[in-house]
1. Just need log10 I(q)/I(0) for the stretch 88-127 at q = 0.29, 0.32 Å⁻¹, Debye formula, equal scatterers on the alpha-carbon atoms, no solvent, rounded to two decimals.
2. Between 317, 264, 419, whose Cα lies farthest towards the positive end of the dipole of the chain when Lys and Arg beta carbons carry +1 and Asp and Glu beta carbons carry -1, centred on the Cα centre?
3. With only Lys, Arg, Asp and Glu charged, each at its Cβ (+1 for the first two, -1 for the last two), find how big the charge dipole of the chain is about the Cα centre; round to the nearest 20 debye.
4. Ratio of the chain's C-alpha Rg to 2.2 N^0.38 Å, to two decimals?
5. State, in angstrom, two size descriptors of the stretch 178-311 derived from its alpha carbons: Rg to one decimal place and Dmax to the nearest whole number.
6. Got a sec? Charge dipole of the chain, +1 on Cβ for Lys and Arg, -1 for Asp and Glu; which of 24, 525, 55 is way out at the positive end?
7. How would you rank 363, 516, going from fewest to most other Cβ atoms within 10 Å of each one's own Cβ?
8. Kindly give Rg over Rh for the stretch 1-174, based on alpha-carbon atoms, with the Kirkwood expression for the hydrodynamic radius.
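Read-outs throughout are calculated quantities, based only on the coordinates presented, and are distinct from any laboratory measurement. Since this is a predicted model, take the numbers as computed values, not measurements. Heads up, the Cβs are rebuilt from the backbone with ideal geometry, glycines too, and the neighbour counts pull from every protein chain shown.
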Amino acid sequence: MRVFKVKFFGTIHVKDELKKFKFTYGKSNRPIDVKITVDDEDVSAEGYLKVVLYTPFSGKDESELESQSINDPNTIYWLAVSDSEFERILERTIALKDTVNQIKTSTTTETQKAYLKLLQEELETNQKNELPRLLQAIFRNGVIIKNGGRIKPLNNTIEKTLQIMLKDVAKELYYEFIDVRLKDEDCAKILTWQPGTKIPNEYYKLDIISENTIKVSSKVPSTVLKEIERRRNYGLSRTGKDLIKEFEKPPFGWDPKIVRLAVATLFKAGKISVLWSNKEYLTPSPELFRVFSKVSEFNKATFDVLPEVDWRAASELISKIFGEIGGDTFEKTAEQVEKITTKWFGEVKNLEVRVKDNELPECIQKSVSEFLRDISEIVEADDPNARLRKFLEKEKSLMKNIKVIKELKKFDFDSYRKLRKFAENQAVLVEFSGKSERLENLIKTVSSDVVISRLEDAIADYGILLDEFKARYEKEHSAFTKSVRRAIEDVRNHEAFRSKPNEAKEVLAKLNELLCEEFNFDDNSLLCKNCKKTSNCFE
């Protein structure tokens, strides 16, 4: 019973000493799980790196451990040496513990209380100081066995020695390890990246961004893509959690953030789709930042490989939409789509400004905005596959709006401004109110999307209406002029012209100001250039 207790408490003390042990690897201090046992009892149950420690009470010998280590090269075996002082202090500590517990349960006198305090102080000293010190010593004076070879422990603590020894094992086991440190938010930044814009330097270190392009063929994304393809081929689950777990294994040992960054890169490049919150995504969307910047959301998302894009269909669509020749290979078609959409993006961007400045009907502005948005998404796709897929995806929307865009490219904005100004002129509306079907048609035309296809008809109607308005205005202008002349003549012949000459001259001066002898109509202001009188002035 005594021997069993000593062995049991010896094991317990070693396990307590190693409970907080954490192994970190590389300059990035990547935490890697280590499976640790003491006298064949688990301290930590997870990990591909293994540490097996034996106390002097285990009954193990060096020869036995040498044989085991040959068959298990990724395990560090460490056998402590027997030490009489350690055993004595351990036995004393066990006895103290039993005595303290016994005294605590019985009625104590003041003398017993004082004695109990002394025992408790000795027990605490042994547990916190003596046993940990002696425990370190029996392992430091013991032997480490790895892959059949014996190694003398370093003059260091158990924890520091294990850190050093495990680095060598990790180097052999995780030979595909990538030593890079990432922040959570870095993983999603590829989603909004555009050539020439800023991105964390780690993307360059990992060779994911090179010469302003995304390199899906670089080590990290291509390795992850192969794993997604493998899982798909075998009908295996493809969640973020699955991928992280897979790349934590040897030979990788990758930080989960590297996996998230790789998957985000593949998604940005159009190689995979994302299924998250019961919705499938084929292209980047603002809400997906949560998927790649938060491990909890990434774990729940599922990823799938997208099929190769139908470049022949894309080639035909180039001719169908833009009236240009498509490519005869995948590469040439992707180049054509990039070249054509980039050109149209610049042209339509300028067109959008003119459409807004000239206040064309909202339905036309909407068509331009939709077309520009679609073209922009195609231009922003970096990978040829993603570009062609996005182009094909936007077929219906592009076809719906391309006619409007082509009409606008040859649209006479100057004439439209003139027509619109005429149709909105209050004098015109009053002059033709309820009397002109032609004006009603003109107003309807300039305020609807048909204006871009029927501008010539509208210009013809405008010409007729303008001539009619001009004739009416001229008639009113002429009648008003005659009235002013008669008034001037009446003033001159009036008795007051002689009896009150000063007052008569003032009246005459005011009448002369109203007189416009030369009619000169301005098509823009719809007024006489000389007198600038509105129709109201003629009443």
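1. -0.96, -1.07
2. My answer, from the dipole projection, is 264.
3. Numbers: 92 positive and 91 negative charges, 132 e Å.
My answer is approximately 640 debye.
4. Details: Rg = 45.1 Å, N = 539, 2.2 N^0.38 = 24.0 Å.
Ratio of Rg to 2.2 N^0.38 Å for the chain: 1.88.
5. Cα only, the stretch 178-311: 13.7, 40 Å (Rg, Dmax).
6. 55
7. On the way: 363 12, 516 18.
By the 10 Å Cβ count, ascending, the order reads 363, 516.
8. Values: Rg = 18.7 Å, Rh = 17.6 Å.
Ratio of gyration radius to Kirkwood radius: 1.06.
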